[in-house]
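Read-outs: derived from the displayed coordinates by stated rules, not from any lab. It should be emphasised that the depicted structure is a prediction, and the values quoted were computed from it without experimental measurement. All Cβ positions, glycine included, derive from the backbone under ideal geometry; neighbour counts span all protein chains shown.
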Protein chains: 2
Amino acid sequence: MTDAIVIREVGPRDGLQAEAPVPVEDRVRLIEALAAAGLREIEAVSFVSPKAVPSMASPGEVIASVAKADGVRYLGLVPNVRGAQLAVEAGVDALTFTASASAAYNEKNVKMSIEESIEELAGIRAAAGALEIDAVISCAFGSPYEGDIRPERVGLLGDRLLDAGATALSMADTTGMATPRRVRELVAEVGPAVGLHLHETRGTALVNAYAAMELGVRRFDTSVGGLGGSPFAAGAAGNLATEDLVHLCDDLGVVTGVSLDLLLEASALVAAIVGHPVPSRIAAAGPRSRRAS
Amino acid sequence: MTDAIVIREVGPRDGLQAEAPVPVEDRVRLIEALAAAGLREIEAVSFVSPKAVPSMASPGEVIASVAKADGVRYLGLVPNVRGAQLAVEAGVDALTFTASASAAYNEKNVKMSIEESIEELAGIRAAAGALEIDAVISCAFGSPYEGDIRPERVGLLGDRLLDAGATALSMADTTGMATPRRVRELVAEVGPAVGLHLHETRGTALVNAYAAMELGVRRFDTSVGGLGGSPFAAGAAGNLATEDLVHLCDDLGVVTGVSLDLLLEASALVAAIVGHPVPSRIAAAGPRSRRAS
């Protein structure tokens with residue numbers, strides 16, 4: 001339980017994606033603040049169509065502008081081969097790619113069948129040279145269309161994504177259907193070497209992360225401030241907040257390499273950038289070490 | 001882990017206490033809706049000064065007006081001997097009483113030293129006849145004044161409260177300082193036969209409840225909708241939401257006796273009564289069984 005974990009910070013991508021567009025220089029400042037706080041894996045940009053997702057425009061400019069910190073990997077999400085080509089040109093350190101365990105969700109999200117997503121990944125693999133590619137399986141714990149999705153099916157999809165060129169897998173609770181039971185069932189099937197990407201749709205992200213750490217899972221996606229989710233329900237369905245997980249881990253003696261104090265500065269920065277409070281309650285209340293004044 | 005738990009619903013007291021006063025008939029409707037949902041322990045009223053806490057005025061009228069359901073106990077919080085006398089006259093089924101493990105917090109909350117609180121409980125015991133009294137130890141996991149409070153000290157206070165006439169103990173995370181580690185340390189000291197009263201100040205109530213259930217704790221205080229906490233930070237620091245715990249337990253196969261569907265109706269009722277959305281994300285997003293329409 002107390003082995004170190006790796007946190008992949010997805011705030012600049014999954015977090016800001018759900019917000020009104022902010023200037024490139026603010027996105028760069030945020031990424032630099034997160035690296036300064038000790039985060040070593042930062043999903044910084046997304047190579048999607050700026051027409052489809054205006055908040056993720058100019059990923060190449062963001063990557064070019066960031067003052068790179070030693071030992072930090074700056075990742076880009078790519079939806080397709082064209083995105084992978086742009087990501088390679090931009091000089092990202094690794095890629096993420098999403099396919100869904102839910103056929104209906106995949107169709108809705110990326111307008112592809114699951115088979116087409118697997119084929120797309122093979123093309124991305126060819127375009128990506130030696131870059132690592134983490135395949136994120138969305139709706140891994142269930143979908144609002146099909147309900148629970150059997151762990152065996154998720155595991156099979158994971159195998160096929162690895163065959164198609166992914167170098168690692170993450171399991172995403174895209175719509176808040178994960179529970180400690182579902183985490184246990186899925187980890188029993190796919191093993192603890194996967195990453196987990198948890199959302200707060202039902203306020204269960206932290207308990208799911210805790211249950212996963214008990215099972216040996218050691219990689220987590222989180223978003224500074226808990227930003228993320230639907231732009232139409234701001235704050236209600238964000239990612240697991242980075243500060244919430246770091247606060248828990250600090251207390252449990254689980255090393256994250258992240259400074260909570262500096263992270264809370266980055267959280268305050270992102271709140272200022274997006275112009276509203278972030279959902280994280282650690283951000284609101286401060287760490288448990290905070291004393292009454 | 002899968003043994004049944006007992007939920008004490010504190011929404012009509014701890015939840016509504018933090019809100020602007022609502023009519024007695026609304027409080028009665030809420031209590032009846034909670035009993036209909038299957039809750040068997042309901043902290044319905046508080047016998048505090050209506051000048052100090054206007055939202056808790058007329059506890060006798062509330063108790064007299066509730067259509068009593070079979071097998072349900074309607075509890076009253078009493079701060080002192082006078083409150084206990086009124087509670088006995090009103091015909092409540094059992095009492096709760098709060099003393100703090102934090103001297104500074106006790107002074108601030110009830111204007112007594114911890115010694116004076118213990119003496120007050122002895123007087124309440126004498127006034128309460130055969131009624132059971134659950135002594136709730138606030139700041140059991142730490143206080144914003146003293147920081148962490150040693151489990152041995154909390155255990156000692158518990159022993160003294162039992163000596164003074166309490167029939168059971170609950171450990172309250174009044175200011176959101178509990179963590180799974182602190183829960184483990186305290187349960188190791190006081191045993192798993194205590195109740196837990198958890199707050200969402202730092203978004204940790206559910207993970208703390210989960211960690212406690214793993215340790216054998218089987219009694220929890222929760223508030224419908226997650227209402228509670230400070231009236232000056234509505235929603236930010238409420239109690240563990242009853243629907244959040246029931247949703248988790250349903251998924252884990254832990255029997256609560258509560259119907260989540262009926263509970264969500266009570267949650268919608270309390271949102272209508274207080275005139276704003278409740279903090280619970282299960283209330284907002286619905287159970288994980290909810291499908292896209």
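Quick one: among B:Ala135, B:Ala241, B:Ala103, which has the greatest mean-square fluctuation in a GNM of chain B with alpha-carbon springs under 10 angstrom?
Checking each option, the largest mean-square fluctuation is seen for B:Ala103.
Could you please rank B:Arg29, A:Arg181, A:Arg288, placing first whichever residue has the fewest other Cβ atoms within 10 Å of its Cβ? Walk me through the numbers on the way to the answer.
Details: B:Arg29 19, A:Arg181 16, A:Arg288 23.
The most exposed by this proxy come first: A:Arg181, B:Arg29, A:Arg288.
Using label points projected 7 Å from each Cα along Cα→Cβ, tell me how many nm separate B:Gln85 and B:Glu115, to one decimal.
2.6
At A:His276, label 7 Å along Cα→Cβ: distances to the other copies, nm, ascending?
Distances between equivalent label points, in nm: 1.5.
Between A:Glu152 and B:Ala193, how high is the FRET efficiency from 1/(1 + (r/R0)^6) when r is the Cβ-Cβ distance and R₀ = 35 Å? Nearest 0.05.
Details: r = 41 Å, r/R0 = 1.16.
The calculated FRET efficiency here is 0.30.
Top mean-square fluctuation among A:Leu252, A:Leu34, A:Leu196, Gaussian network model of chain A, C-alpha springs under 10 Å?
Most flexible of the set in this elastic network: A:Leu252.
Scan chain B for the residue whose Cβ is closest to the axis carrying it onto chain A, then write down that distance in whole angstrom.
Nearest Cβ to that rotation axis, in whole Å: B:Val207, 2.
Starting with the fewest neighbours, write out B:Tyr210, A:Tyr145, A:Tyr74 ranked by other beta-carbon atoms found within 10 Å of each beta-carbon. Spell out each step's value before the answer.
Values: B:Tyr210 26, A:Tyr145 18, A:Tyr74 22.
In increasing order of surrounding Cβ atoms, one gets A:Tyr145, A:Tyr74, B:Tyr210.
Could you tell me how far the Cα centroid of region B:247-293 sits from the Cα centroid of region A:57-80, in Å?
With region A:57-80 and region B:247-293 each reduced to a Cα centre, they are spaced 41 Å.
Using the Cα centre as the reference, give the magnitude of the dipole from point charges on the C-beta atoms of the protein assembly as shown (Lys, Arg: +1; Asp, Glu: -1; all else neutral), rounded to the nearest 20 debye. Could you put the intermediate results ahead of the total?
On the way: 50 positive and 74 negative charges, 81 e Å.
It comes to approximately 380 debye.
Shape call for region A:94-197 from the C-alpha gyration tensor, a ≥ b ≥ c root eigenvalues: rounded (a/c under 1.5), prolate (a/b greater than b/c) or oblate? Provide the component values of the computation, followed by the final result.
Values: a/c = 2.08, a/b = 1.37, b/c = 1.51.
Oblate, because a/c is 1.5 or more while a/b does not exceed b/c.
In peptide B:116-125, what is the residue-averaged number of other protein chain Cβ atoms found within 10 Å of each Cβ?
Working: counts 0, 0, 0, 0, 0, 0, 0, 0, 0, 0.
Mean shielding count: 0.
Under a cut-off of 17 Å between alpha-carbon atoms, report the aspartates and glutamates in cross-link reach of B:Lys108, not counting same-chain residues fewer than 8 places apart.
Partners found: B:Glu116, B:Glu120, B:Glu146, B:Asp173.
Which log10 I(q)/I(0) values, to two decimals, does region A:6-285 give at q = 0.07 Å⁻¹ under the Debye formula with one point per Cα?
-0.21
Quick check: residue separation of A:Ser65 and A:Arg218 times 0.36 nm, minus the Cα distance between them. What number comes out in nm? Please report the intermediate quantities before stating the final value.
Working: separation 153, 0.36 × 153 = 55.08 nm, distance 3.06 nm.
Extra length from A:Ser65 to A:Arg218 when fully extended: 52.0 nm.
DSSP beta bridges in region B:6-285, what fraction antiparallel, as a percent rounded to 5? Mind dumping the intermediate values first?
Values: 2 of 34 bridges.
Antiparallel: roughly 5 percent of the beta bridges in region B:6-285.
Is there a simple number for the mean count of other chain Cβ atoms within 10 Å of the Cβ of residues in B:169-176, and what is it? Walk me through the numbers before you get to the answer.
Values: counts 0, 0, 0, 0, 0, 0, 4, 6.
Per residue, the average neighbour count from other chains is 1.
When only Cα pairs under 8 Å and 6 or more residues apart are kept, what is the percent relative contact order across chain B? Walk me through the numbers on the way to the answer.
Numbers: 626 pairs, mean separation 61.0, N = 293.
The value is 21 percent.
Placing a label point 7 Å from Cα toward Cβ, how far apart in nm is A:Leu156 from its equivalents in the other copies, listed shortest first to one decimal?
Shortest to longest, the spacings are 6.2 nm.
Using the 7 Å Cα-to-Cβ label point, sort the distances from A:Val6 to its equivalents in the other copies shortest first and give them in nm to one decimal.
List, nearest first: 4.8 nm.
Which of the lysines could a cross-linker bridge to B:Lys111, judged by Cα under 29 Å and excluding same-chain residues fewer than eight apart?
Straight-line reach from B:Lys111, under 29 Å: B:Lys51.
Compute the FRET efficiency between A:Glu132 and A:Asp261 as 1/(1 + (r/R0)^6), taking r as their Cβ-Cβ distance and R0 = 45 Å, and round to the nearest 0.05.
Numbers: r = 31 Å, r/R0 = 0.68.
For A:Glu132 and A:Asp261, the calculated efficiency is 0.90.
Taking every residue in B:178-187, how many Cβ atoms of other protein chains lie within 10 Å of its Cβ, on average? Working shown, then result.
Values: counts 2, 7, 9, 5, 2, 0, 1, 0, 0, 0.
Across B:178-187, the average partner-chain Cβ count within 10 Å equals 3.
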